[in-house]
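Visitor: Got a structure for you, written out below as structure tokens; questions coming shortly.
The values are calculated or read from the model by the stated rules, or taken from the named source; none is laboratory data. Model, not experiment: these values are computed from the prediction. Cβ coordinates were reconstructed from backbone atoms using ideal geometry, including for glycine residues, and neighbour counts include every protein chain displayed. Accessible surface is based on the protein model in full, side chains and every heavy atom, while ligands, DNA and RNA are left aside. Shrake-Rupley method; radii C 1.70, N 1.55, O 1.52, S 1.80 Å.
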Amino acid sequence: QIQLAESGGGLVQAGGSLRLSCSASGRTLSSLAMGWFRQSPGKERELVAASSWSGGTTHYADTVKGRFTIDRDNAKNMVYLQMHSLKPEDTAVYYCAAAQGSWYALTLNNVDAWGQGTLVTVSS
């Protein structure tokens, strides 16, 4: 059973940058699709970035495309989300997630493991 733990959230001004980290333990990430979801009050949790097991294929929500980058270091069992040009609407709790298979498997009902979440607050 894999355990995930996020870090790196915080308060940032609009236009700023943050880098979130997700540390995995219990098993290797190397065969798992990994993703970052976010959830803001009153809204459904949504997938913002996903990576295939190798990192060779990535997917981004339209709302973050060109501003966020997901990458992973399977040797270190780490996944990252680099966020630039942050907007107040990016304010949310960000969750790291893992799933078997391709990045398509990263749906709310199919995620195998979730982190506890890290809060990102973007002030205007």
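Visitor: If you bin every alpha carbon distance in the chain into 5 Å steps from zero, what whole percent lands in each bin?
Guide: Bin by bin from 0 Å, the calculated values are 2, 13, 24, 26, 20, 10, 5, 1.
Visitor: Charges only on Cβ, +1 for Lys and Arg, -1 for Asp and Glu: so what's the dipole of the chain about the Cα centre, in debye to the nearest 20?
Guide: 120
Visitor: Sticking with this one: How much accessible area per residue does region 1-79 have, in Å², with a 1.4 Å probe?
Guide: 50
Visitor: Need one number: nm distance between label points at K65 and Y104, each 7 Å from Cα along Cα→Cβ, rounded to one decimal.
Guide: 1.8
Visitor: While we're looking at this one, here's another question. I need the calculated FRET efficiency for the pair S54 and T121, taking r as the beta carbon distance and R₀ as 30 Å, to the nearest 0.05.
Guide: Once rounded, the FRET efficiency stands at 0.35.
Visitor: Still on this structure, please answer the following. Would you tally the net charge around V93, using a Cβ to Cβ cut-off of less than 11 Å, leaving V93 out, and scoring K and R as +1, D and E as -1?
Guide: It works out to a net charge of +2.
Visitor: Starting from the 7 Å offset along Cα-to-Cβ, what nm value, one decimal, do you get for the label separation of E46 and A14?
Guide: Placing both labels 7 Å beyond Cα along the Cβ direction yields 1.8 nm.
Visitor: If I take R0 = 22 Å and measure r between the Cβ atoms of Q1 and M78 in this structure, what FRET efficiency does the formula 1/(1 + (r/R0)^6) give, to the nearest 0.05?
Guide: For R0 = 22 Å, the calculated efficiency reads 0.75.
Visitor: What is the percent carbon and sulfur in the accessible area of region 16-114, measuring with a 1.4 Å probe over the protein chains and ignoring ligands?
Guide: Details: 2260 of 4650 Å².
Whole-percent figure for carbon plus sulfur exposure: 49.
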